[in-house]
Amino acid sequence: MKTLDDQGGKISISSFRIEDYDRLISLWQDAGLPYKPKGRDRRDCIERELKTSAAIFLVAEREGKLIGSIFGTHDGRKGWINRLAVAPAQRTQGLGARLVREVEERLHDLGIEIIACLIENWNTVSMEAFQRMGYKRHGDIVYLSKRKNPDV
Ligand SMILES: CC(C)(COP(=O)(O)OP(=O)(O)OC[C@H]1O[C@@H](n2cnc3c(N)ncnc32)[C@H](O)[C@@H]1OP(=O)(O)O)[C@@H](O)C(=O)NCCC(=O)NCCS
């Protein structure tokens, strides 16, 4: 667990534990983060994924309150950032960037040199934030996916 001091008190960053699933969902709902409650974000799906070596799932807490999350993963070639969320009252104070840096460092340690994320085109705040964190937007790439059902 890492802690950092800021003006609002100590923030700790630690690995996500499945016991905190309900608190995580509350954060995502407060944050307006799109997620898949009937698919890959179901408790059992996250619990299964947490057991894989590629899961770098982190949460940030301040005074016992869960205020941030990030799910880092990799497929051996690329790293991926998912489910980055910061509680509305805690935004624009550097926490989102801190969580991203933490995942980047861990992925770099594993030899992963390219890290990517997928952002809905309406999510201009996130788009701006990632670009400010050094991520390049690719206007020439279109995301295609094949799903067993629409909920996954
Ligand atoms: C995107 C999000 C995680 C950013 O978290 P945050 O803690 O506010 O981000 P930070 O304070 O670390 O800011 C990182 C950079 O983004 C910029 N940024 C953050 N919010 C911004 C906004 N609303 N408009 C413009 N720039 C913004 C910051 O200025 C900073 O850049 P700088 O260092 O050059 O100043 C947060 O807005 C959020 O939870 N959004 C809802 C959930 C979501 O959409 N997640 C992303 C899914 S892909």
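The values are calculated or read from the model by the stated rules, or taken from the named source; none is laboratory data. This structure is a prediction, so every number in the text was calculated from the model and none was measured. Using ideal geometry, Cβ is built from the backbone for each residue, glycine included, and neighbour counts are taken over all protein chains shown.
Would you confirm whether any residue within segment 15-36 is out of contact with any Ser or Thr (no Cβ under 7 Å at 6 or more places or on another chain), of a type in the set (A, V, I, L, M, F, W, C) and farther than 27 Å from Ile114 by Cβ?
yes
Criterion first (more than 7 Å from the ligand (Cβ to nearest atom), modelled with pLDDT of 95 or more and not β-branched (Val, Ile, Thr)) does Ala87 satisfy it?
When the stated conditions are applied, Ala87 passes them.
When the residues of segment 1-54 are narrowed to those that are modelled with pLDDT of 95 or more, within 16 Å of the ligand (Cβ to nearest atom) and charged (D, E, K, R), which ends up surrounded by the fewest Cβ atoms within 10 Å (Cβ to Cβ)?
The residue in question is Lys36.
In segment 65-84, which residues are closer than 28 Å to Ile114 by Cβ and within 12 Å of the ligand (Cβ to nearest atom)?
Gly68, Ser69, Ile70, Phe71, Trp80, Ile81, Asn82, Arg83, Leu84
Taking segment 35-82 as the region of interest, how many residues are more than 16 Å from Leu95 (Cα to Cα) and of a type in the set (Val, Ile, Thr)?
4
Inside segment 26-40, can you point out the residues that are among the charged types (D, E, K, R) and out of contact with any Asp or Glu (no Cβ under 9 Å at 6 or more places or on another chain)?
Within segment 26-40, Asp30 is the sole residue that qualifies.
Got a sec? Which of Arg62, Arg106, Arg101 is within 14 Å of the ligand (Cβ to nearest atom), within 15 Å of the chain's Cα centre (by Cα) and surrounded by 12 or more Cβ atoms within 10 Å (Cβ to Cβ)?
Working: Arg62 fails: within 15 Å of the chain's Cα centre (by Cα); Arg106 fails: within 14 Å of the ligand (Cβ to nearest atom).
So the residue among Arg62, Arg106, Arg101 that is within 14 Å of the ligand (Cβ to nearest atom), within 15 Å of the chain's Cα centre (by Cα) and surrounded by 12 or more Cβ atoms within 10 Å (Cβ to Cβ) is Arg101.
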